[in-house]
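Below you'll find the structure, written out as structure tokens, and then a few comments.
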Amino acid sequence: MKAKPSDSQVHFLPWVGENYEKGICGRRVLVLGESHYCAKPEDDTPYITRKVIADLLDPGSEHEAYKNTYTKFERALAGKVLNWQGKSELWNSVIFYNFVQTPLSGPRKSPSVKEFQDSFAAFFEVLEQYRPDCVIAWGKRLYEHLPPAGRQGKTVPLTGGTSLETWVYVLSDGKCVGVLPIQHPSSGFSWDFWHSAIKSF
């Protein structure tokens with residue numbers, strides 16, 4: 001999806017790492033965020049997601065608070081603190097896509113039920129095109145507003161004796177794509193705890 005086709009339902013194009021096809025441990029991973037906040041009208045472009053990750057991977061870019069969220073997640077995925085080379089290798093091995101396809105008007109606003117539902121078709125378009133083996137969804141709110149099509153997946157054991165449900169989407173050719181919901185990595189996030197869950201998944 002190098003450019004946006006005229007009939008595409010996807011407004012915010014996903015970041016697609018150059019080594020995505022190789023995946024992580026042989027599995028293609030789609031990292032699923034919730035939404036974009038656009039402070040200025042000119043920020044609302046199809047390429048904002050790609051610009052966010054490119055900026056994250058630019059060692060000369062000024063540090064901003066939002067980058068902490070991505071850093072905590074990458075540690076959860078890798079299971080360790082990464083240097084700049086490791087950070088680049090990780091993000092170039094995944095897809096990152098924000099589910100809600102309309103920009104939010106404020107940094108802490110929640111998408112409406114309609115905004116989630118209006119984004120279903122775009123999400124399935126991304127799944128069909130990029131065919132990930134698994135999806136890691138950021139946050140309970142996002143997970144609970146994903147399309148209801150599909151079926152219950154396996155239960156993932158968590159440290160401390162609890163467990164976590166997962167979901168499965170079936171693509172048009174029968175390929176199954178598992179979805180793991182994790183705590184949103186913006187705050188109160190234990191990356192080593194969630195690494196264990198991701199590894200089990």
**Request:** Check the stretch 26-42 and report whether any residue there is surrounded by fewer than 17 Cβ atoms within 10 Å (Cβ to Cβ), without any contact (Cβ under 8 Å) to a residue 12 or more places away in the chain, within 19 Å of Glu125 (Cα to Cα) and not basic (Lys, Arg).
**Result:** no
**Item:** Qualifying residues in the stretch 47-58 (those that are part of a loop (DSSP other than H, G, I, E, B) and more than 16 Å from the chain's Cα centre (by Cα)) - the one surrounded by the fewest Cβ atoms within 10 Å (Cβ to Cβ)
**Value:** Asp58
**Asked** Just checking, which of Phe99, Phe116, Phe120 is closer than 30 Å to Lys199 by Cβ, aromatic (Phe, Trp, Tyr) and touching a residue at least 60 places away in the same chain (Cβ under 8 Å)?
**Response** Phe99
**Request:** Would you point out which residue out of Leu158, Leu142 is at pLDDT below 95 and either more than 17 Å from Glu74 (Cα to Cα) or among the aromatic types (Phe, Trp, Tyr) (or both)?
**Result:** Leu158
**Prompt:** From the residues in the stretch 150-164 that are assigned to a loop (DSSP other than H, G, I, E, B) and in contact with a helix residue (DSSP H, G or I) (Cβ under 8 Å, 6 or more places away or on another chain), which one is nearest to Ala121 (Cα to Cα)?
**Reply:** Leu158
**Prompt:** Out of all the residues in the stretch 144-161, which are free of Cβ contacts under 8 Å to residues at least 12 places away in the same chain and either among the acidic types (Asp, Glu) or within 11 Å of Ala197 (Cα to Cα) (or both)?
**Reply:** Glu144, Thr155
**Fill in**
Taking the stretch 83-133 and keeping residues part of a loop (DSSP other than H, G, I, E, B), in contact with a strand residue (DSSP E or B) (Cβ under 6 Å, 6 or more places away or on another chain) and under 18 Å from Cys25 (Cβ atoms) leaves Ser93, Pro132, Asp133
**Asked** Which residues, taken from the stretch 146-201, are surrounded by fewer than 13 Cβ atoms within 10 Å (Cβ to Cβ) and among the charged types (D, E, K, R)?
**Response** Arg151, Asp173, Asp192, Lys199
**Message:** Would you confirm, using the coordinates I've provided, whether Val135 is within 22 Å of Ser196 (Cβ to Cβ) and either within 15 Å of the chain's Cα centre (by Cα) or among the acidic types (Asp, Glu) (or both)?
**Reply:** yes
**Asked** Restricting attention to the stretch 59-82, and to residues there that are at pLDDT below 95 and in a loop (DSSP other than H, G, I, E, B), which single residue is surrounded by the fewest Cβ atoms within 10 Å (Cβ to Cβ)?
**Response** Gly60
**Fill in**
Going through (1) touching a residue at least 60 places away in the same chain (Cβ under 8 Å); (2) more than 18 Å from Ile136 (Cα to Cα); (3) aliphatic (A, V, I, L, M) one by one, Ala54 fails only at (1)
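The values are calculated or read from the model by the stated rules, or taken from the named source; none is laboratory data. Everything numeric here is computed off the predicted structure, so don't read it as measured data. Cβ atoms come from the backbone with ideal geometry, glycine included; neighbour counts cover every protein chain shown.
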